[in-house]
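For reference, the structure is listed below as structure tokens.
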Amino acid sequence: MAEQNIDQEQLNALQEKLRQMSPEELREFQKKQCIFCQIVANKVQSRRIYEDGRVLAILDINPANPGHILLLTKEHYSIMPQLPDDEIAHVFKVAKSLSNSMLKGIDAHGTNVIVANGIAAGQRAQHFMAHIIPRKENDGIIFVLPQKPMEQKEIEAAGDRIIAALSGSAKEEKSEKGASLDEISKLLGAR
Ligand SMILES: [Zn+2]
């Protein structure tokens, strides 16, 4: 049908446009599409709990518990590997303060600090964030990590490969390389 052809043409044109964009242009484009960037820019309303030059903490509008906070970077990053080290350090420093404020301010008995890093890990937003969730005993939130029966060899082999990759990424950090394209596309589900 004619309408579908127009849609397909528009889609092709958009894809072509995206292909021709520089990384800076692409990031600007992503920002315009991103609801959390709109919140950071105050174009979309939110209940702000804390902000400084680098992060913004807002109340989740669909909270797991009252006081559930989304801690966003003000800069648009899709996934954790894109964050510079000082930025991720700052995010978790603020997460600690927010968590402490929940223990004091709303009598939380505990908190969960959660980052969903990549689609396979349940990440839905296009913008990096940490969830800070105030918890009480028997509050109906159930995280169940399965304890899978596994061969010791298999566990050890995974550990060895992580250790090997860790020394590799330490070298990468020295050369001030950011996230590799391979890392990013894996996390975003693009293959
Ligand atoms: Zn964004």
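Taken together, the values in this text are just the output of simple stated rules run on the coordinates, not laboratory data. This structure is a prediction, so every number in the text was calculated from the model and none was measured. Neighbour counts are summed over all protein chains in view; Cβ atoms, including those assigned to glycine, are modelled from backbone coordinates with ideal geometry.
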Note on segment 80-100: residues touching a residue at least 12 places away in the same chain (Cβ under 8 Å), outside any loop (DSSP other than H, G, I, E, B) and over 15 Å from GLY67 (Cβ atoms) are MET80, PRO81, GLN82, ASP85, GLU87, HIS90, VAL91, PHE92, VAL94
Of the residues in segment 105-120 that are closer than 8 Å to PRO134 by Cα and not in a loop (DSSP other than H, G, I, E, B), the one that is farthest from the chain's Cα centre (by Cα) is GLY110
Of the residues in segment 36-56, those that are free of Cβ contacts under 8 Å to residues at least 60 places away in the same chain and touching a Leu at 6+ places or on another chain (Cβ under 9 Å) number 9
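A quick yes/no check of all residues on (1) surrounded by 11 or more Cβ atoms within 10 Å (Cβ to Cβ); (2) touching a residue at least 40 places away in the same chain (Cβ under 8 Å); (3) in contact with a Gly (Cβ under 9 Å, 6 or more places away or on another chain):
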position	(1), (2), (3)
MET102	yes, no, yes
GLY110	yes, no, no
PHE128	yes, yes, no
ILE133	yes, yes, yes
LYS136	yes, yes, yes
ILE142	no, no, no
PRO149	no, no, no
ARG161	no, no, no
The condition from (1) surrounded by fewer than 13 Cβ atoms within 10 Å (Cβ to Cβ); (2) within 16 Å of the ligand (Cβ to nearest atom); (3) closer than 28 Å to SER185 by Cβ that ALA121 misses is numbered (2)
Do we have any residue at all in segment 51-59 that's among the β-branched types (Val, Ile, Thr) and either exposed (fewer than 10 other Cβ atoms within 10 Å of the Cβ) or part of a helix (DSSP H, G or I) (or both)? no
Per the list (1) under 30 Å from LEU14 (Cα atoms); (2) crowded, with 18+ Cβ neighbours inside 10 Å, residue check on ALA116 breaks on (2)
All-but-one check, LEU26 against (1) more than 30 Å from PHE143 (Cα to Cα); (2) touching a residue at least 24 places away in the same chain (Cβ under 8 Å); (3) within 14 Å of the ligand (Cβ to nearest atom), failing number (2)
Scanning segment 31-87 residue by residue, the ones that are within 9 Å of the ligand (Cβ to nearest atom) and among the small types (Gly, Ala, Ser) total 1
If you go through GLN30, GLN10, the only one that is over 18 Å from the mean Cα position of the chain (by Cα), in a helix (DSSP H, G or I) and either surrounded by 17 or more Cβ atoms within 10 Å (Cβ to Cβ) or of a type in the set (S, T, N, Q) (or both) is GLN10
